[in-house]
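Undergrad: Attaching a single structure in structure tokens format; questions to follow.
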Amino acid sequence: LKVLLACGSGASSGFMASNMRKAAAENNVDADIHAVSDSEIPEYIDKVDVIMLGPHVKYLEEELKKKAAVYGVPVACISQQADGKRALSETIKLYKASKAGEQQ
């Protein structure tokens, strides 16, 4: 599972990505989680399975959903209270829901 985690500057997403990688390792989830600033998203949009946004860049979500849909990449914001484990769970749930939708 290739995950792009984005926030305003990349700093908070880097911290969250580290916590998500730890949660993935603890739960035997094969996930490549990469953190970037919001300005870097276009470089990765066609190279990932899912894009997760930090809560403070929620304003980007709708526009990014439209751009990522071209590549079949789902986009969502991580809930504000999420720790690494919950963020990973939200990411996997979004990915599975998008794949289920493709099969219909």
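The values are calculated or read from the model by the stated rules, or taken from the named source; none is laboratory data. Since the model is a prediction, treat every value here as computed from it, not as a measurement. Neighbour counts run over all protein chains shown; Cβ positions are idealised from the backbone, glycine included. Surface accessibility is based on the protein's heavy atoms, side chains included, excluding ligands, DNA and RNA. Shrake-Rupley method; radii C 1.70, N 1.55, O 1.52, S 1.80 Å.
Undergrad: Taking 8 Å as the Cα distance limit and 6 or more residues as the minimum spacing, I'd like the relative contact order of the chain as a percentage.
TA: 32
Undergrad: Sorted by accessible area (1.4 Å probe), largest first, how do L88, L1 line up?
TA: L1, L88
Undergrad: Same structure again: Taking the dipole about the Cα centre of the chain, with the C-beta of Lys and Arg at +1 and of Asp and Glu at -1, give me whichever of Y95, V3, A68 is farthest to the positive side.
TA: In the chain, that residue is Y95.
Undergrad: Here's something else I'd like to know. Could you go through segment 45-61 in sequence order and give the Karplus-derived ³J(HN,Hα) for each residue, using 6.51 cos²θ - 1.76 cosθ + 1.60 with θ = phi - 60°, rounded to whole Hz, and x for Gly and Pro?
TA: 4, 9, 10, 10, 8, 7, 10, 10, 10, x, x, 6, 10, 3, 4, 8, 4
Undergrad: A follow-up question, please. Got a sec? What order do D46, D30 fall in by accessible area at 1.4 Å, biggest, i.e. largest, first?
TA: Putting D46, D30 in descending order of accessible area: D30, D46.
Undergrad: Solvent-accessible area of Y95, probe 1.4 Å, all protein chains present, reported in Å² to the nearest ten, please.
TA: Here the residue's solvent-accessible area equals roughly 60 Å².
Undergrad: Accessible surface of E43 in the full protein assembly, 1.4 angstrom probe, to the nearest 10 Å²?
TA: For E43, the solvent-accessible surface is approximately 110 Å².
Undergrad: Given 20 °C and 1.002 mPa s, compute D for segment 27-104 with the Stokes-Einstein relation, Rh being the Kirkwood radius over Cα pairs; round to the nearest whole µm²/s.
TA: The estimated diffusion coefficient comes to 164 µm²/s.
Undergrad: I would also like to ask the following. To the nearest 10 Å², what's K99's accessible area with a 1.4 Å probe?
TA: Accessible area of K99: about 70 Å².
Undergrad: Treating only the Cβ atoms of Lys and Arg (+1) and Asp and Glu (-1) as charged, compute the dipole magnitude of the chain about its Cα centre; round to the nearest 20 debye.
TA: 240
Undergrad: Also: Placing unit charges on C-beta atoms (Lys and Arg positive, Asp and Glu negative, everything else neutral), compute the dipole magnitude of segment 14-65 about its Cα centre in debye, rounded to 20.
TA: 240
Undergrad: Once phi is turned into ³J(HN,Hα) by the Karplus curve 6.51 cos²θ - 1.76 cosθ + 1.60 with θ = phi - 60°, what whole-Hz value does each residue of segment 36-42 show in order, with x for glycine and proline?
TA: These are the phi-based 3J(HN,Hα) values: 9, 7, 4, 5, 8, 3, x Hz.
Undergrad: Could you derive backbone 3J(HN,Hα) for segment 21-29 from the dihedral phi with the Karplus parameters 6.51, -1.76 and 1.60 (θ = phi - 60°), listing whole Hz in sequence and x where the residue is Gly or Pro?
TA: Each residue of segment 21-29 in turn: 4, 5, 4, 4, 5, 5, 10, 6, 9 Hz.
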